[in-house]
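To start, the structure under review is shown below, and the notes come after it.
The values are calculated or read from the model by the stated rules, or taken from the named source; none is laboratory data. Nothing here was measured: the structure is a model prediction, and the numbers come from that model. Every residue, glycine among them, receives a Cβ derived from its backbone with ideal geometry; neighbour counts consider all protein chains shown. Side chains are part of the model used for accessible areas, which takes the heavy atoms of the whole protein and leaves out ligands, DNA and RNA. Shrake-Rupley method; radii C 1.70, N 1.55, O 1.52, S 1.80 Å.
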Amino acid sequence: MELQQGGTERPLSPLEWRPMTPDDVDGVVAVARLSFPDHFEARECFAERQALAPEGCFVLSDAAGTVMGYLMAYPWKRNAAPPLDSLIGAVPKDAEVIYLHDLAVHPDTRGGGHTRAIVERLAEQARAAGWKEIALVAVNEATAFWERNGFVVQNPSGMAEKLASYGADARYMIRPL
């Protein structure tokens, strides 16, 4: 319960995952700044990915539309990751996996059990569309979280240099579907 001024309790607004729209991008950027201060990406990167693959972009929001979390995913090449804070131009025509670019929730929302639902929704959607795997780069010591969600650390050749740009703890991971 959240307290209003005067000590009266009011219920927290329920949060739900819904498709991301272009109007949500500023809220996504705000959550990203809090969640990934060492890996921050410009607004244009989020807007571009939402425009290129809207079917893989979701926000966690309250009834008023306040963005409290987001997930961005799009088709990409296996054993590769897009450079941080850069525009990708297009989804590769020879994409092999769904690349889960980001999953973040506002610090005030963490621990609420919201992430598993959207990861499973993405997995079901990807499987239904014929994809065989979801890939990601785990950062901020999140490897154990992703392992609990079915992802396995991979060590593809040629990824070490790219992973270094994501931080010392970065791990490339894949979840078979």
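Listed values, structure above:
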read-out	value
Residue among Val67, Val91, Val105 that alone is surrounded by 14 or more Cβ atoms within 10 Å (Cβ to Cβ), among the β-branched types (Val, Ile, Thr) and within 22 Å of Gly130 (Cβ to Cβ)	Val91
Criterion (more than 24 Å from Pro19 (Cα to Cα), in contact with an Asp or Glu (Cβ under 7 Å, 6 or more places away or on another chain) and acidic (Asp, Glu)) met by exactly one of Glu141, Glu147, Glu161	Glu141
Hits in segment 16-41 (condition: in a loop (DSSP other than H, G, I, E, B) and either buried (at least 19 other Cβ atoms within 10 Å of the Cβ) or at pLDDT below 95 (or both))	Met20, Phe36, Pro37, Asp38, His39, Phe40, Glu41
Residue check, Gly130 assigned to a loop (DSSP other than H, G, I, E, B), open to solvent by 20 Å² or more (accessible area, probe 1.4 Å) and more than 21 Å from Asp26 (Cα to Cα)	yes
Residue satisfying all of: in segment 108-121; open to solvent by 30 Å² or more (accessible area, probe 1.4 Å) and within 24 Å of Val25 (Cβ to Cβ); nearest to the chain's Cα centre (by Cα) among these	Thr115
Residue ID - farthest from Thr109 (Cα to Cα), chosen from residues in segment 46-64 that are open to solvent by less than 50 Å² (accessible area, probe 1.4 Å) and free of Cβ contacts under 8 Å to residues at least 40 places away in the same chain	Ala53
Close pairs (9 angstrom Cβ cut-off, 6 or more residues apart or separate chains): closer than 11 Å to Met68 by Cα and among the small types (Gly, Ala, Ser) in segment 106-130, modelled with pLDDT of 95 or more and open to solvent by 40 Å² or more (accessible area, probe 1.4 Å) anywhere	none
Qualifying residue in segment 117-134 (condition: of a type in the set (Lys, Arg) and closer than 22 Å to Val59 by Cα)	yes
Matching option when the condition is over 22 Å from Ala30 (Cα atoms), surrounded by 13 or more Cβ atoms within 10 Å (Cβ to Cβ) and not polar (S, T, N, Q), among Glu161, Glu96, Glu124	Glu96
Residue within segment 135-145 that is open to solvent by 60 Å² or more (accessible area, probe 1.4 Å), out of contact with any His (no Cβ under 9 Å at 6 or more places or on another chain) and among the aliphatic types (A, V, I, L, M) present	no
Residue match in segment 77-88 (condition: at pLDDT 95 or above and touching a strand residue (DSSP E or B) at 6+ places or on another chain (Cβ under 7 Å))	yes
Selection within segment 127-154 - under 17 Å from Thr115 (Cβ atoms) and in contact with a strand residue (DSSP E or B) (Cβ under 6 Å, 6 or more places away or on another chain)	Ile134, Leu136, Val137, Ala138, Thr143, Trp146, Gly150, Phe151
